[in-house]
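In what follows, a structure is listed as structure tokens, so that the remarks can point back to it.
The values are calculated or read from the model by the stated rules, or taken from the named source; none is laboratory data. Treat the numbers as computed from the prediction; the structure is a model and nothing was measured. Positions of Cβ are backbone-derived with ideal geometry, glycine not excepted, and every protein chain shown enters the neighbour counts.
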Amino acid sequence: MTLLAVRDLRIYYKSILGDYKVVDGVSFKVDENEIFGIAGESGCGKSTLVEGILRLIRPPGYIKSGEIIFKGRNILQLDEESLRKIRWKEISYIPQGSMSSLNPVMRIEDQIIDAILTHTNISKKEAKEMVPELLKKVGLPPDCGNLYPCELSGGMKQRVIIAMAVALMPSLVIADEPTTALDLVIQKVILQSLINLNKEYKIAIVLVSHDMAVHAQTTNRMAIMYAGKIVEIGSTEEIFYDPLHPYTRGLVNAIPSLEKKKLKYIPGISPSPLNWPPGCRFHPRCPYAIEICRNEEPKLKEIEPGRFVACHQWGD
Amino acid sequence: MNTKLLSVENVVKVFKVGGGLGLLGRKYVKAVNDVTFSIPNEPTIISLVGESGSGKSTLAKMILGLIRPTSGSIKFMGKDIYSMNKEEWKNFRRDVQAVFQDPYEVYNPFYRVDRVLRVAIRKFGIGKGSHDEEELIEEALKAVGLRPKDIIGRYPHQLSGGERQRIMLARIYLIKPKLIVADEPVSMIDASLRASILDLLQSFKEKLGTSCLFITHDLLMSYYMGGDVFVMCKGKIIEKGNAEDIMRKPLHPYTQLLVSSIPIPDPRRRWKEKLSLKVETLEERVFQENSCVFYNRCPYALEKCKKSMPPFINMGEGREVACFLYQ
């Protein structure tokens, strides 16, 4: 069952030089109970995309066009009040670097209670009773609620944030680079708690990460973004074992591992959102670019059920 | 006797933490705790690997002469870097170059990027008389795989992180130092470009004979760089060995934990075992003088590990490990 469907979403940022087309026509679906990954290099628009899903884009950014259908309702057409009811209760969001946004002078427990009370009508006492259980869910000692953020390590703070995000049992959690500033050991713990929440409580997760190895360990399906567009969607296994788009192939080849002593890299640099290259946005870096790639933008086509690619090589 | 390029002897750095109100009592953290190692006077790559807070960046700063050690000595070409005269200090500043983590912060946003190259040429009198400045700059930019016309005259914000990091490497190419101290040079670079930066550092070893002290939290990066790896945990080096050996057969329980936490980029080989992490209390995180640095988190901790820090045990083939399990 489809939980979230994004259709042709465009998010632009206004500037005196013109519009920065940061997300420029993105479509994908997230099913119930799945972990859906979004991968891509810095500046490809993945964070803006997930902010857009919750309508958190602030000026000079704006949502130019598109549809975001969550459980049959278009988020872009909801009024503020209905949107507030969806946020946190239905879709919660773990922004990048959010572990440093805990209030330093408030106990962990009170911050979790705050998050619960803002979005529900239950009493403070009931909310307080929920806290130890929530902390246990993410693998923290149930009594650490009365500590202050400075008494926790980075990994523990990140798990507090995850505990807040799942406090109201949303059907979807969007996690933007939840492990980026953390050590590998902690990263493993955090990813395992996300997988656990997905398996045990059937919470769908959208996981944004630039790190392909994180996706390999965590996600069921994934989308690859490049220059404001999705260039490929498939199961994580297909993406790693049978990448179709030349950019995806480049990304997969650039992953370091014990077995691969020699790394490849993609020549050239990512283009600017002010001035995307004409035609296929990857053509200046693509080893297979032909004439049509320079002039005509490839559409994201479904070449097999569930398998999408935007490349002229994979045509009709 | 063969003079070492760099020798770090019993270096300690103590930081004061807390106690700002005078009521809580001052606590001390030994960020770097009695570290000794050396880099031979021939092109070498050595990686320092450890988690955040292991003291690796503090050690790098002390080696660069940016912060003074609390005790111990750091010698470059046999001379203590903290008691150099003006001339020696100037030479040291030329012979030891740094590459930092954040390629966004090292540039002054008001100046064009090629200024870092021009200043280096003038300051160190590079290629006096023989070439003109423009030629030198173009050569250096080409050497790091950049097109001079794309770079010269641009401002930092117009370039990507990868390009900016490469310009720092072009600067190193110009200066031709004896030692590069690279503190997490690729952790802010996109994965698809990391290999290109690491390849350049390796090529400097071959072409310029420059040694590299490579500091990273990512064992895979040190594996890719090759050479020797020193694993640091809470201010101490706890294992030494060849990059390949450390990855294939980590000896210290801490190194084993690090290696097993590397996500395998293969969806068919997912983590099976559940990682249970001992949560350290705040009290435990503050330095404990007399136990093994990994005692609190070690699954194999013995009684004697609590009482004293294990000494280095020679395991042969250039491997050393500080753990009682191998005694």
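Tabulated values for the structure
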{"item": "Region B:108-161: number of residues that are of a type in the set (Phe, Trp, Tyr) and loosely packed, with under 13 Cβ neighbours inside 10 Å", "result": "1"}
{"item": "Evaluation of B:THR70 against (1) closer than 24 Å to B:SER47 by Cβ; (2) in contact with a Lys or Arg (Cβ under 9 Å, 6 or more places away or on another chain); (3) surrounded by fewer than 17 Cβ atoms within 10 Å (Cβ to Cβ) (one fails), failing number", "result": "(1)"}
{"item": "Listing of strands (runs of 3 or more DSSP E) fully contained in region A:1-119 that carry 3 or more residues being surrounded by 15 or more Cβ atoms within 10 Å (Cβ to Cβ) and either more than 14 Å from the chain's Cα centre (by Cα) or away from chain B (no Cβ under 14 Å) (or both)", "result": "A:2-13, A:20-31, A:61-70, A:91-94"}
{"item": "Considering residues of region A:176-190 that are part of a loop (DSSP other than H, G, I, E, B) and within 9 Å of chain B (Cβ to nearest Cβ) only, the residue farthest from B:LEU257 (Cα to Cα)", "result": "A:ALA181"}
{"item": "Test: residue in region B:212-225 that is within 14 Å of another protein chain (Cβ to nearest Cβ) and of a type in the set (Gly, Ala, Ser)", "result": "yes"}
{"item": "Test for A:GLY268: is it modelled with pLDDT of 80 or more and at positive phi", "result": "no"}
{"item": "Within region A:130-145, considering residues that are farther than 15 Å from A:ALA165 by Cα and assigned to a helix (DSSP H, G or I), the one farthest from the other protein chains (Cβ to nearest Cβ)", "result": "A:GLY145"}
{"item": "Breaking point among (1) more than 25 Å from the chain's Cα centre (by Cα); (2) surrounded by 15 or more Cβ atoms within 10 Å (Cβ to Cβ); (3) in a loop (DSSP other than H, G, I, E, B), for A:PRO278", "result": "(2)"}
{"item": "Qualifying residue in region B:272-294 (condition: under 30 Å from A:ARG249 (Cα atoms), modelled with pLDDT under 90 and within 12 Å of chain A (Cβ to nearest Cβ))", "result": "yes"}
{"item": "Scan of region A:232-272 for residues that are more than 28 Å from B:LEU198 (Cα to Cα), in contact with a strand residue (DSSP E or B) (Cβ under 9 Å, 6 or more places away or on another chain) and not hydroxyl-bearing (Ser, Thr, Tyr), ordered by number", "result": "A:GLU232, A:ILE233, A:GLY234, A:GLU238"}
{"item": "Matching residues in region A:191-234 - criterion: being more than 10 Å from chain B (Cβ to nearest Cβ), assigned to a strand (DSSP E or B) and aliphatic (A, V, I, L, M)", "result": "A:ALA204, A:ILE205, A:VAL206, A:LEU207, A:VAL208, A:ALA223, A:ILE224, A:MET225, A:ILE230, A:VAL231, A:ILE233"}
{"item": "Segments classed as strands (runs of 3 or more DSSP E), wholly inside region B:25-95, with at least 3 members that are hydrophobic (A, V, I, L, M, F, W, C)", "result": "B:27-39, B:45-49"}
{"item": "Candidates B:TYR104, B:TYR111 - the one that is assigned to a loop (DSSP other than H, G, I, E, B), more than 14 Å from chain A (Cβ to nearest Cβ) and not aliphatic (A, V, I, L, M)", "result": "B:TYR111"}
{"item": "Subset tally (residues that are farther than 24 Å from B:GLN256 by Cα and over 17 Å from the mean Cα position of the chain (by Cα)) for region A:160-194", "result": "6"}
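One line per residue, one yes/no per condition, for (1) modelled with pLDDT of 90 or more; (2) within 25 Å of A:LEU182 (Cβ to Cβ):
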| site | (1), (2) |
| --- | --- |
| A:SER98 | no, yes |
| A:SER101 | no, yes |
| A:ASP114 | yes, yes |
| A:THR120 | no, no |
| A:LYS128 | yes, no |
| A:ASP143 | no, yes |
| A:GLY155 | no, yes |
